[in-house]
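The structure appears right after this line, and notes come after that.
Since every read-out is calculated from the coordinates, none of them should be taken as a lab result. Remember, predicted model here, so these are calculated numbers, not experimental data. Methodologically, a virtual Cβ is constructed for each residue, glycine included, from the backbone with ideal geometry; neighbour enumeration extends over all protein chains shown.
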Ligand SMILES: Cc1ncc(COP(=O)(O)O)c(C=O)c1O
């Protein structure tokens, strides 16, 4: 049941729900039937027709336009990559940074964001980790760490480890005011939390598609703001060029880059996953991103209430404004709870501070109640060593 959409109809698209209490969409998505059919359709074309590549290439552009619409971007601002890490590395290496410049990251944020920038230390770029104070990251948190050599802020939109929703609009405004590049890792938010590039003022955004965008691993997207012509790709291929040679002979005299994200796209792409993404976007659009977000926030409210009743503490923020709709880490020691939950057919993830529950658009209030019942059935709740009872 949902106040926001026909969740029962959506759930029928996810056969996994008949076998498992699946609460692990922040780890990877279970496949929807329509997405699986799109993959099979692609493989069928490849095997029976030998691959209509021109048709596939046309479809890439259609899917690119759909991704652009999702982010309120233009198609030229979207490139396909293979995952978030690739997007973050493209971003880190494209920024015009020199020795002595510094970049601000958040302490404890996803390592795939951090390493892309830590790798720039070989060029003399300093990485400053800003401690996460308060319930979520806001502009005020960064302000004291900015000096004349600060060039960029890079962070997750939603954290994987506790479900914070960082204030990207406020931080984006600070970046605009100070003339900083703003890089966002949207892996955990894309498809779940509406993201408007015009509103947040991002310079670059990287994300994989295997969580909220509902396709198997191996496809990522990169947003790059159109007017940032100074950003340079570390790798170059024909597909990066504004005027690729029609005769397929490389020449050094016309290497003008595409504008926007296209300069960072190289070679053949993950065609099966792009077909899958076409189908998953149809599913997401049919429900609506805002409806998905609202439904998952309702599930979160219910989970918090049930866990409060059981005396189980939520690790991350409780406030709707500060939390992601779908990621909730419970202060239950993973080493003693993970196996129990697996034995009860409940799929969750062990996380650094407990057990991570994460919802997908197919989860229901009954799933939350069932989860609470499974927790309660274990009897005594083993609390973390040193934690208050
Ligand atoms: C915030 C965040 N960034 C990045 C990743 C993963 O990076 P990649 O898509 O490169 O595997 C994850 C989790 O898988 C994540 O939660």
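Rounded to the nearest 10 degrees, the angle from helix 334-343 to the longest Cα principal axis of the chain is 80 degrees.
The GNM of the chain, with springs linking C-alpha atoms under 10 angstrom apart, assigns the highest mean-square fluctuation among 32, 237, 68 to 237. Expressed to the nearest 5 percent, the antiparallel share of DSSP beta bridges inside the chain is 50 percent.
Applying 0.36 nm per residue to the separation of residue 249 and residue 366 and subtracting their alpha-carbon distance, the gain on full extension is 36.0 nm.
With viscosity set to 0.890 mPa s at 25 °C, what whole-number translational diffusion coefficient in µm²/s follows for segment 35-284 from Stokes-Einstein and a Kirkwood radius over Cα pairs?
Answer, rounded: 131 µm²/s.
Measure nothing fancy, just the Cα-based angle from helix 271-287's long axis to the longest principal axis of the chain, in degrees from 0 to 90, nearest 10. On a 0 to 90 degree scale, this one is about 50.
Across segment 76-114, the residues whose backbone nitrogen lies under 18 Å from the label position 7 Å along the beta-carbon direction of residue 149 are 95-105. The calculated FRET efficiency for the pair residue 242 and residue 123, based on their C-beta separation and a Förster distance of 30 Å, comes to about 0.65.
If both residues of a DSSP beta bridge must be in segment 132-225, then about 45% of such bridges are antiparallel.
Taking the number of Cβ atoms within 10 Å of each Cβ as an exposure proxy, the fewest-first ranking of 343, 34, 154, 324 is 343, 34, 154, 324. Look at 160, 129 and count the other Cβ atoms within 10 Å of each Cβ; fewest to most, that gives 129, 160.
Considering helices alone, the calculated mean residue ellipticity of the chain at 222 nm is -11000 deg cm²/dmol, with DSSP H runs of length four and up weighted by -39500 (n - 2.57) and normalised per residue. Using 0.36 nm per residue and subtracting the Cα-Cα separation, the extra length available between residue 268 and residue 321 on full extension is 15.1 nm. Between the Cα long axis of helix 53-71 and the first principal axis of the chain there is an angle of about 60°, rounded to the nearest 10. The length gained on full extension between residue 47 and residue 308, counted as 0.36 nm times the residue separation minus their Cα-Cα distance, comes to 88.6 nm.
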